[in-house]
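Trainee: The structure follows.
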Amino acid sequence: MQRFWFLAVLVMTSSVLAQTNARVIWEPPNWDFPQDTKATVPREMLSTLRISTVAITLEKTRLDKVEHLLGGATGAEGDAGDAVQWLCLHGADGGDPWVLWLESGEINGGYIGSFEWRRLSGDAKIDGRCHALSGIAKPKLSLPLTLGMAEADVLKVLGKPSARRGERLIYLHRREWSVNGVPYDSSNIVILRVHTGEVVSIAVSKTTSS
C-alpha cells in the first residue's frame, strides 16, 4: 500500500524542475515534498476550486475540459510512467500578479490531480503559452485560503501543520480502506509557503490508488 502513495508523490515531485524565479514563467515548479512527513490531518482538507464559472474537482475534472473552457495551451514533459501535463494561467489581484498551474500526472489519467497558485514578482516574465485571465477570474478555493493572507489566519483555518520546512507549512491527510477486498489509499496534501508573514503560494494535490 505504501508504494502506491509514494508513487503518487514522486510523480508530482519529479515532474519538472522550473521555479517561478526562472527567466520565463511557463512550467510548474517542483513540489519537493518531504517523504518523511507524517499524516496528522484527520480529514480531507481541500480538493475543489473555482475559476470564474468553471468548477474544478481534483481527480474528477479533466485537464482538456478546463483548457477548452478557459483557453490556453497544455504543456507536457516527461516519459511514460513519469509524464506530467499542465495548464498555465495567470492574472492579477489588486495589481499583484499571480500564476496558477493545473497539473495532471501519469497517475491521474488526464484528470487534474494537483494545482499550485503562486504570487509573482512585478518583473516576472510570462511565456506566451501561459494564458492570461481577466481580473474577475481569480481562483476561489473551497476553504477560506488565499494569497496574501496572514500565517495566523492560515492556522485558524487548517490548524497545526503536519510539518514545517523553512517557509513552508505542510499538511497531509491519508486514508486507507477497502472495497470487496480491494485496498485503496488516498492522500490530500496542502502546502503553503509563507514569506514575511504572508502566504505567497498554495499547492494542493489529491491522489487515490489501489
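Computed from the coordinates by the stated procedures, all read-outs in this text should not be read as laboratory data. It should be emphasised that the depicted structure is a prediction, and the values quoted were computed from it without experimental measurement. Reconstructed Cβ throughout: ideal geometry from the backbone, glycine too, with neighbour counts over all protein chains shown.
Trainee: Over all Cα pairs of segment 113-159, how is the pair count split among 5 Å bins, expressed in % and running from 0 up to the last occupied bin?
Mentor: For segment 113-159, the pair-distance distribution reads 5, 13, 20, 27, 16, 11, 6, 1.
Trainee: Full-extension gain between I126 and D153, please, as 0.36 nm times their residue separation minus the C-alpha to C-alpha distance.
Mentor: Computed gain between I126 and D153 is 6.7 nm.
Trainee: Taking the Cα atoms of segment 54-103 alone, what are Rg (to one decimal) and Dmax (as a whole number) in Å?
Mentor: In Å, with Rg to one decimal and Dmax whole: 12.5, 41.
Trainee: Next question, about the same structure. Compute the signed sum of charges (Lys and Arg +1, Asp and Glu -1) over the other residues within less than 15 Å, Cβ to Cβ, of P42.
Mentor: Residues close to P42 contribute a combined charge of +3.
Trainee: Right, something else. For segment 63-68, in order, what is each residue's ³J(HN,Hα) by Karplus, 6.51 cos²θ - 1.76 cosθ + 1.60 with θ = phi - 60°, in whole Hz (x at glycine and Pro)?
Mentor: 5, 5, 5, 5, 4, 5
Trainee: Given points 7 Å out from each Cα along the Cα-Cβ axis, report the A76 to A39 separation in nanometres with one decimal.
Mentor: Taking the simple label geometry, A76 and A39 are separated by 3.2 nm.
Trainee: Here is a further query. Let me know the shape class of segment 122-210, please: from the alpha-carbon gyration tensor, a ≥ b ≥ c as square roots of the eigenvalues, rounded when a/c is under 1.5, otherwise prolate if a/b is greater than b/c, or oblate.
Mentor: Oblate is the answer for segment 122-210, as a/c is 1.5 or above yet b/c matches or exceeds a/b.
Trainee: Taking the Cα centroid of segment 54-69 and of segment 31-46, what is the distance between the two, rounded to the nearest whole Å?
Mentor: 24 Å
Trainee: On average, how much area does the Cα convex hull of segment 67-172 cover when viewed from any direction, in nm²?
Mentor: It is 8.4 nm².
Trainee: Largest first and to the nearest Å, give the Cα extent of the chain along each principal axis.
Mentor: Extents along the principal axes: 52, 39, 31 Å.
Trainee: Here's a follow-up. If you take the beta carbon distance between T53 and V179 as r and set R0 to 35 Å, what does 1/(1 + (r/R0)^6) give as a FRET efficiency, to the nearest 0.05?
Mentor: Calculated value: 0.55.
Trainee: I've got another one for you. Just need the relative contact order of the chain here, percent rounded to a whole number, with Cα pairs under 8 Å and 6+ apart.
Mentor: Relative contact order of the chain: 24 percent.
Trainee: Test of the criteria: in segment 40-91, which trypsin sites (Lys or Arg not before Pro) are in a DSSP loop and have at most 15 other Cβ atoms within 10 angstrom of their Cβ?
Mentor: The qualifying sites are R43, K60.
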